[in-house]
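J.: Below is a structure I'd like to ask you about.
The values are calculated or read from the model by the stated rules, or taken from the named source; none is laboratory data. What you see is a predicted model; the values in this text were computed from it and never measured. Positions of Cβ are generated from backbone atoms using ideal geometry, with glycine treated the same way; all protein chains shown enter the neighbour counts.
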Amino acid sequence: MMETNEDSKIKTKNPKFLQIFLDLIKWKQTLLLIFTALFAYLISIAPTPVSILDLSILFISLFFTISGTTILNMYIDHDIDELMERTKDRPIPSSQISLKSVLLIGAFITLIGIIISLVFLDWLTTFVIFLGFFFDFVVYSIWLKRRTKLSIIFGGIAGGLPAMSGRVLAIGKIDHVGLFFLLFILTWIPVHILTLALFPENLEGYKRAQVPMWPVVSSAQETMRVITWSTLINAVVLFLIACYLHTNILIRILIGVVCLILIGLVIENFVSPTYKKTFRIFKFASFFMVLGFLLLYIGVLF
């Protein structure tokens, strides 16, 4: 059988499968989204006993669904990834795995994740998990990413739906707190993505790939203001969640203090935005998101 050039490249590199898989699923991002779902469940179920079985199945279902969706996004974005310095070493553009394999693996893993949820959890949780796949892969990656800077909003909705699924599994319905969980993640994601997009090498890559990210089609100043407003809303939403859940008053005060620190950074950057101040918000906001879920959980337990 004749060997293609692509197969030859893949064989020559002889990469480790596990490392390729971890790169394909962006394992840190995947685990972070699962973290938000598990803690949304724990926060919502407290103070009643936790079902370890439900929690474990939620973890497995989301791991497969989010991983599979991310792999499918790698398939869709492979031509963009080839043009960007930040992504050119990903498995597909670096010829570590074939396009056909990525498509089959991504579709299979996503389907397994959704089936696990449908069989072992409930239809509403499964529907929310499916919406996460739909918004991320279909709406964001296929439809909007290459068309409008507003695509990031729909990518943010996809990022917030795992947290909502944890809430739905715990209480059996979609409520205002579940929507606030979604909004909390939605307003965090632009801070993360747009700050990275402002870095010169990443900005140049988006331009080469003709992806209309905010700093590509708008000014850096406007992008920094979008980051600022997103961070401000992010802080307000976290405090509202703490109030709605009637968290411990000391924890609520602590959350309020952390929110005020973030708002202070935001106001400073809003008055006179700079790359340095924006990046400082980026670093603090990443810590703020994880800390927020931890404090909410402690606040509903005690």
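J.: Could you look through the stretch 75-108, keep only residues that are in contact with a Leu (Cβ under 9 Å, 6 or more places away or on another chain) and part of a helix (DSSP H, G or I), and pick out the one that is surrounded by the most Cβ atoms within 10 Å (Cβ to Cβ)?
T.: Among those that are in contact with a Leu (Cβ under 9 Å, 6 or more places away or on another chain) and part of a helix (DSSP H, G or I), it is G106.
J.: Which of the residues belonging to the stretch 171-186 are surrounded by 24 or more Cβ atoms within 10 Å (Cβ to Cβ) and touching a residue at least 40 places away in the same chain (Cβ under 8 Å)?
T.: Within the stretch 171-186, the subset surrounded by 24 or more Cβ atoms within 10 Å (Cβ to Cβ) is 181-182, 184-186.
F181, F184, I185 - these are the residues of the stretch 171-186 that are surrounded by 24 or more Cβ atoms within 10 Å (Cβ to Cβ) and touching a residue at least 40 places away in the same chain (Cβ under 8 Å).
J.: Still on this model: Quick check on N248: is it over 23 Å from the mean Cα position of the chain (by Cα) and surrounded by 19 or more Cβ atoms within 10 Å (Cβ to Cβ)? Before you say what the answer is, go through the steps one by one.
T.: Working: over 23 Å from the mean Cα position of the chain (by Cα): yes; surrounded by 19 or more Cβ atoms within 10 Å (Cβ to Cβ): no.
In short, no.
J.: Filtering the stretch 4-60 down to residues that are part of a loop (DSSP other than H, G, I, E, B) and surrounded by 18 or more Cβ atoms within 10 Å (Cβ to Cβ), which residue is modelled with the lowest pLDDT? Don't jump to the end; show me each part of the working.
T.: Taking the stretch 4-60 and keeping what is part of a loop (DSSP other than H, G, I, E, B), we get 4, 14-16, 25-26, 46-51.
When the remaining residues are screened for being surrounded by 18 or more Cβ atoms within 10 Å (Cβ to Cβ), the result is 25-26, 46.
On the way: I25: 97, K26: 95, A46: 92.
Of everything passing the filter in the stretch 4-60, A46 is modelled with the lowest pLDDT.
J.: So which pairs qualify, if the first residue must be in the stretch 225-242 and over 14 Å from P190 (Cβ atoms) and touching a residue at least 40 places away in the same chain (Cβ under 8 Å), the second must be surrounded by fewer than 23 Cβ atoms within 10 Å (Cβ to Cβ) and of a type in the set (K, R), the Cβ gap must be under 8 Å, and the two must be at least 6 apart or on different chains?
T.: Close Cβ pairs (under 8 Å, with a partner that is surrounded by fewer than 23 Cβ atoms within 10 Å (Cβ to Cβ) and of a type in the set (K, R)) amount to A242/R252.
J.: How many residues are over 25 Å from F134 (Cβ atoms) and touching a Ser or Thr at 6+ places or on another chain (Cβ under 9 Å) when one looks only at the stretch 83-97?
T.: Number satisfying all stated conditions: 3.
J.: Follow-up question, since we're still on this one. Given (1) surrounded by fewer than 19 Cβ atoms within 10 Å (Cβ to Cβ); (2) at pLDDT below 95, identify the lone condition not met by I253.
T.: The one condition I253 does not meet is (2).
J.: Here's another thing I want to ask about it. Of all residues in the stretch 175-211, which are of a type in the set (A, V, I, L, M), closer than 18 Å to I263 by Cα and in contact with a Gly (Cβ under 8 Å, 6 or more places away or on another chain)?
T.: Result: L183, I185, L186, I189.
J.: Also, quick follow-up: Going by what's in this entry, would D89 be described as within 23 Å of the chain's Cα centre (by Cα) and at pLDDT 95 or above? Walk me through it before giving the result.
T.: Numbers: within 23 Å of the chain's Cα centre (by Cα): yes; at pLDDT 95 or above: no.
Spelling it out, it is not the case that D89 is within 23 Å of the chain's Cα centre (by Cα) and at pLDDT 95 or above.
J.: Step by step: first the residues of the stretch 73-118, then only those that are of a type in the set (S, T, N, Q) and in contact (Cβ under 8 Å) with a residue 24 or more places away in the chain, then the one that is nearest to V168 (Cα to Cα). Which residue is that?
T.: S117
J.: Which of the following residues is part of a helix (DSSP H, G or I), within 26 Å of V177 (Cβ to Cβ), within 23 Å of the chain's Cα centre (by Cα) and β-branched (V, I, T): T65, T70? Spell out how you get there, then give the answer.
T.: Working: T70 fails: within 26 Å of V177 (Cβ to Cβ).
Being part of a helix (DSSP H, G or I), within 26 Å of V177 (Cβ to Cβ), within 23 Å of the chain's Cα centre (by Cα) and β-branched (V, I, T) holds for just one of T65, T70, which is T65.
J.: Still on this structure, please answer the following. Which residue is surrounded by the most Cβ atoms within 10 Å (Cβ to Cβ), if the candidates are limited to the stretch 61-74 and must be touching an Asp or Glu at 6+ places or on another chain (Cβ under 9 Å) and aliphatic (A, V, I, L, M)?
T.: First pass over the stretch 61-74, keeping only residues touching an Asp or Glu at 6+ places or on another chain (Cβ under 9 Å): 66, 69-70, 72-74.
Checking which are aliphatic (A, V, I, L, M) leaves us with 66, 72, 74.
Values: I66: 30, L72: 24, M74: 26.
Checking each candidate, the answer is I66.
J.: Do you know which of the residues in the stretch 204-226 that are closer than 11 Å to Y275 by Cβ and of a type in the set (A, V, I, L, M, F, W, C) is surrounded by the fewest Cβ atoms within 10 Å (Cβ to Cβ)?
T.: So, considering only residues that are closer than 11 Å to Y275 by Cβ and of a type in the set (A, V, I, L, M, F, W, C), the one surrounded by the fewest Cβ atoms within 10 Å (Cβ to Cβ) is A220.
J.: Which members of the stretch 150-182 meet the condition of being assigned to a helix (DSSP H, G or I) and of a type in the set (G, A, S)? I'd like the intermediate steps shown before the answer.
T.: Initial filter on the stretch 150-182 (assigned to a helix (DSSP H, G or I)): 151-171, 176-182.
Those that are assigned to a helix (DSSP H, G or I) and of a type in the set (G, A, S): S151, G155, G156, A158, G159, G160, A163, S165, G166, A170, G178.
J.: Which residues, taken from the stretch 125-149, are outside any loop (DSSP other than H, G, I, E, B) and polar (S, T, N, Q)? Reasoning before the result, please.
T.: So in the stretch 125-149, the residues outside any loop (DSSP other than H, G, I, E, B) come out as 125-144.
Those that are outside any loop (DSSP other than H, G, I, E, B) and polar (S, T, N, Q): T125, T126, S141.
J.: Please determine whether any residue of the stretch 119-127 is surrounded by fewer than 18 Cβ atoms within 10 Å (Cβ to Cβ) and under 16 Å from F64 (Cβ atoms).
T.: Yes, some residue in the stretch 119-127 is surrounded by fewer than 18 Cβ atoms within 10 Å (Cβ to Cβ) and under 16 Å from F64 (Cβ atoms).
J.: Just checking, does the stretch 281-297 include any residue being at pLDDT below 95 and over 20 Å from the mean Cα position of the chain (by Cα)?
T.: no
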